[in-house]
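The values are calculated or read from the model by the stated rules, or taken from the named source; none is laboratory data. Everything quoted here is computed from the prediction, not taken from an experiment. Here the Cβ positions follow ideal geometry from the backbone for every residue, glycine too, while neighbour counts run over all protein chains shown. Protein only, heavy atoms only, side chains kept; ligands, DNA and RNA dropped before computing areas. Shrake-Rupley method; radii C 1.70, N 1.55, O 1.52, S 1.80 Å.
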Amino acid sequence: MIHLDDPARLRALDAGRMLDLVADLPRQLRAGWELAMAVPLPSGWTASAFDGVVIAGMGGSAIGASLVAALTAGECPIPVAVVRDYALPAFARGPRVLVIASSYSGETEETLEAFETARQRGCALAAVATGGRLAEWAQAWEVPLFRFEPVGQPRAALGYSFSILLGLLHRLGLIPDQQPAIDEAVALMQEDVQRMAPEVPVVQNPAKRMAGQLIGRLPVIFGAGPLAEVARRWKTQINENAKAAAVFEALPEADHNTIVGTEFPAELLPHMMALFLTAPADHPRNALRARITREIFMKKGVNTDLFVGRGSRLIAQAFSLILLGDFISVYLALAYEIDPSPVQVIAELKARLAGG
């Protein structure tokens with residue numbers, strides 16, 4: 001393991017420039033919103049035109065959809081469902097259901113199959129991609145295409161995959177204008193990027209400090225309400241960037257099962273770390289649950305920590321936590337002396353699937 005206060009060594013290990021891509025999140029968030037405002041939409045696409053929205057995506061493309069669904073659930077008057085699979089739900093049929101395919105590469109097989117099924121069922125269609133077959137189909141079928149420039153690995157394009165979808169829901173009249181929330185989130189993240197830069201030493205860098213705490217430990221990340229999807233993001237970023245195991249849990253559900261699983265295997269408990277993501281927007285009972293649940297884990301001998309999202313709006317609070325989690329995952333990878341960007345196991349899986 002390397003010392004995280006050696007910026008030159010960190011940069012040398014980070015051949016795929018994942019640190020720079022994480023720092024690019026604020027810019028992406030604004031650019032995606034602007035793109036969402038610019039793409040022409042069919043004249044009949046209004047709030048009254050649809051009974052439901054389905055967003056099909058996988059991995060780094062799906063997390064943006066899940067965050068949009070979670071963060072707008074209290075305002076959007078129709079259901080927004082996220083499909084991480086080949087098959088669409090039975091209700092996704094006809095022109096009153098809008099199906100949005102989100103695939104960074106435009107070649108995700110599960111998403112392409114769902115999109116083709118949606119067309120066969122006569123659904124309204126839209127696509128989010130950098131290119132590939134998905135972009136080609138959208139252009140051939142003359143449906144809205146939100147196309148952005150590639151930035152690296154799909155997981156590094158969250159700013160686009162989130163704010164494009166958020167902007168589209170606003171343009172449909174399903175949610176209020178989110179420009180103030182985007183502006184606040186960008187401003188806060190720009191501040192935090194400076195605090196978590198490679199040149200900032202461990203004693204002053206919250207992401208480096210937490211990465212150091214996670215070395216050799218299994219993180220279990222808790223979030224309540226919309227922050228459950230932020231916890232999912234922390235988990236998947238640790239998986240893909242640090243190539244490390246991680247688990248995420250949703251409160252209050254975890255208080256009905258997970259907290260009981262703190263007895264065995266006894267030898268594992270000291271190697272766990274329970275992380276609680278909270279925000280001022282949390283339901284008061286969930287805020288209380290996070291504190292009590294943390295105490296229960298501490299009494300069982302599990303290391304814990306708690307993080308509070310910054311900002312006055314839910315989107316800003318969520319994205320301040322997302323940025324922190326992204327930086328932690330990259331520093332954890334570098335502490336293990338690996339390049340965060342490659343995902344060789346996924347490439348091998350896709351090659352075997354192609355051969356099958």
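Keeping to segment 233-270, report how many residues are within 26 Å of L13 (Cα to Cα) and in a helix (DSSP H, G or I).
Residues meeting the conditions: 10.
Do the conditions hold for Q179, that is, is it farther than 18 Å from A62 by Cα and without any contact (Cβ under 8 Å) to a residue 40 or more places away in the chain?
Taking the combined requirement at face value, the residue does not satisfy it.
Taking segment 244-263, which residues are closer than 30 Å to E337 by Cβ and either of a type in the set (D, E, K, R) or surrounded by fewer than 18 Cβ atoms within 10 Å (Cβ to Cβ) (or both)?
A245, V247, E249
Which residues, counting only those in segment 271-296, are part of a helix (DSSP H, G or I) and touching a Leu at 6+ places or on another chain (Cβ under 9 Å)?
H271, N286, R289, A290, R291, T293, R294
Working only within segment 277-305, note down all residues that are among the hydrophobic types (A, V, I, L, M, F, W, C) and open to solvent by less than 50 Å² (accessible area, probe 1.4 Å).
Selection gives L277, A279, A287, A290, F297, V302.
Quick one: T117 ticks every box in (1) open to solvent by 20 Å² or more (accessible area, probe 1.4 Å); (2) in a strand (DSSP E or B); (3) hydroxyl-bearing (S, T, Y) bar one, so which box is it?
Here T117 clears every test but (2).
Considering only segment 21-62, how many residues are closer than 30 Å to M196 by Cβ, out of contact with any Leu (no Cβ under 9 Å at 6 or more places or on another chain), open to solvent by 20 Å² or more (accessible area, probe 1.4 Å) and in a helix (DSSP H, G or I)?
7
What number of residues within segment 233-261 satisfy the criterion of being under 17 Å from G59 (Cβ atoms) and touching a Ser or Thr at 6+ places or on another chain (Cβ under 7 Å)?
4
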